[in-house]
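K.L.:
Have a look at this one.
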Amino acid sequence: MQIQIGQATLELVEGDITQQDTEAIVNAANPSLLGGGGVDGAIHRAGGPAILEECRKLGGCATGDAKITTGGRLRARYVIHAVGPVYRREGPTKAAQLLASAYRRSLEVATEHGVKSIAFPSISTGAYGYPMEEAAPIALQTVINFLEHQQDGIQLVRFVLYGQRAYAIYVQALQRIMAQRTVAN
Ligand code: AR6
């Protein structure tokens, strides 16, 4: 599924984040930035040790923030390491704020580096336990708000959903947002 937001394209695909040809891919990292399982493990495996070496010098990353390294052996030139909330630790309200912040900060960091295309996984919805039905509208709305207000920056944001169920949840969430936008206009 693909929609236009201003000059930019917002795209949902089913797939593997490590295989994306966007200029940047986003990692669902933890505050240590020293690796882990899920997306994090897959990115470090595919990108090689250069990414971890750079991460060691960054001094960690707060929840809701994002930091950038090169992409090592990945097709993507950059990896943006974003730290989403642990759902049960923060509770729904704080978790929603921190999740939105992780997406927004990733887009800001990307923009600072002149990135025109970026791919996101569904941050926090694996090991960090965020229900995907709740996370999807927050992720999408945060990206849409950013794209609506930016000037001449990112041209493509791709959500790379892992498996059919994740893809279906994001499609439904995006359809809901688009239907509300139509009513509002
Ligand atoms: N491509 C795209 N999406 C994927 C892939 C992949 N290759 N692999 C898994 N997913 P998670 P989190 C989906 O656990 O919840 C790590 O240990 C997965 O199905 O990777 O933010 C870090 O070091 C899920 O929907 O990230 C942290 O400690 C989503 O990506 C912690 O996990 C995110 O799952 C971060 O947890």
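K.L.:
For the range 21-30, give me each residue that is more than 7 Å from Ala119 (Cα to Cα) and either touching a Pro at 6+ places or on another chain (Cβ under 9 Å) or open to solvent by 20 Å² or more (accessible area, probe 1.4 Å) (or both). Full working, then the answer.
P.N.:
Residues of the range 21-30 that are more than 7 Å from Ala119 (Cα to Cα), as a first pass: 21, 23, 27-30.
Asp21, Glu23, Asn27, Ala28, Asn30 - these are the residues of the range 21-30 that are more than 7 Å from Ala119 (Cα to Cα) and either touching a Pro at 6+ places or on another chain (Cβ under 9 Å) or open to solvent by 20 Å² or more (accessible area, probe 1.4 Å) (or both).
K.L.:
What about Ala110, is it within 14 Å of the ligand (Cβ to nearest atom) and at pLDDT 95 or above? If you could, list the steps in order and put the result at the bottom.
P.N.:
Values: within 14 Å of the ligand (Cβ to nearest atom): no; at pLDDT 95 or above: yes.
Against the criterion (within 14 Å of the ligand (Cβ to nearest atom) and at pLDDT 95 or above), Ala110 does not qualify.
K.L.:
Which of the numbered conditions does Asp65 fail, given that it passes all the others? Conditions: (1) within 17 Å of Ala119 (Cβ to Cβ); (2) in contact (Cβ under 8 Å) with a residue 12 or more places away in the chain; (3) buried (at least 17 other Cβ atoms within 10 Å of the Cβ).
P.N.:
Of everything listed in (1) within 17 Å of Ala119 (Cβ to Cβ); (2) in contact (Cβ under 8 Å) with a residue 12 or more places away in the chain; (3) buried (at least 17 other Cβ atoms within 10 Å of the Cβ), Asp65 misses just condition (1).
K.L.:
Here are some conditions: (1) under 23 Å from His149 (Cα atoms); (2) of a type in the set (Gly, Ala, Ser); (3) in contact with a Leu (Cβ under 7 Å, 6 or more places away or on another chain). Ala66 meets all but one. Which one does it not meet?
P.N.:
The single condition Ala66 does not satisfy is (3).
K.L.:
In the range 1-38, what residues are among the β-branched types (Val, Ile, Thr) and assigned to a strand (DSSP E or B)?
P.N.:
Step one: of the range 1-38, the residues among the β-branched types (Val, Ile, Thr) are 3, 5, 9, 13, 17-18, 22, 25-26.
Residues satisfying the conditions are Ile3, Ile5, Thr9, Val13, Ile25, Val26.
K.L.:
If you go through the range 1-10, how many residues are surrounded by fewer than 17 Cβ atoms within 10 Å (Cβ to Cβ) and closer than 13 Å to Ala119 by Cα?
P.N.:
Total meeting the criteria: 1.
K.L.:
If a residue has to be within 20 Å of Gly41 (Cα to Cα) and not small (Gly, Ala, Ser) to count, how many in the range 105-131 make the cut? Spell out how you get there, then give the answer.
P.N.:
Just the residues of the range 105-131 that are within 20 Å of Gly41 (Cα to Cα), to begin with: 106, 118-130.
Retained after the next criterion (residues that are not small (Gly, Ala, Ser)): 118, 120-121, 123, 125, 128, 130.
Number satisfying all stated conditions: 7.
K.L.:
Given the options Ala127, Ala168, name the one that is without any contact (Cβ under 8 Å) to a residue 24 or more places away in the chain and within 16 Å of the ligand (Cβ to nearest atom). Outline the logic, then answer.
P.N.:
On the way: Ala127 fails: without any contact (Cβ under 8 Å) to a residue 24 or more places away in the chain.
Just a single option satisfies the conditions, and that option is Ala168.
The values are calculated or read from the model by the stated rules, or taken from the named source; none is laboratory data. As the structure is a prediction and not an experimental result, all values here were calculated from the model. Cβ: placed from backbone, ideal geometry, glycine included. Neighbour counts: every protein chain shown. What goes into the accessible areas is simple: the full protein's heavy atoms, side chains included, and nothing from ligands, DNA or RNA. Shrake-Rupley method; radii C 1.70, N 1.55, O 1.52, S 1.80 Å.
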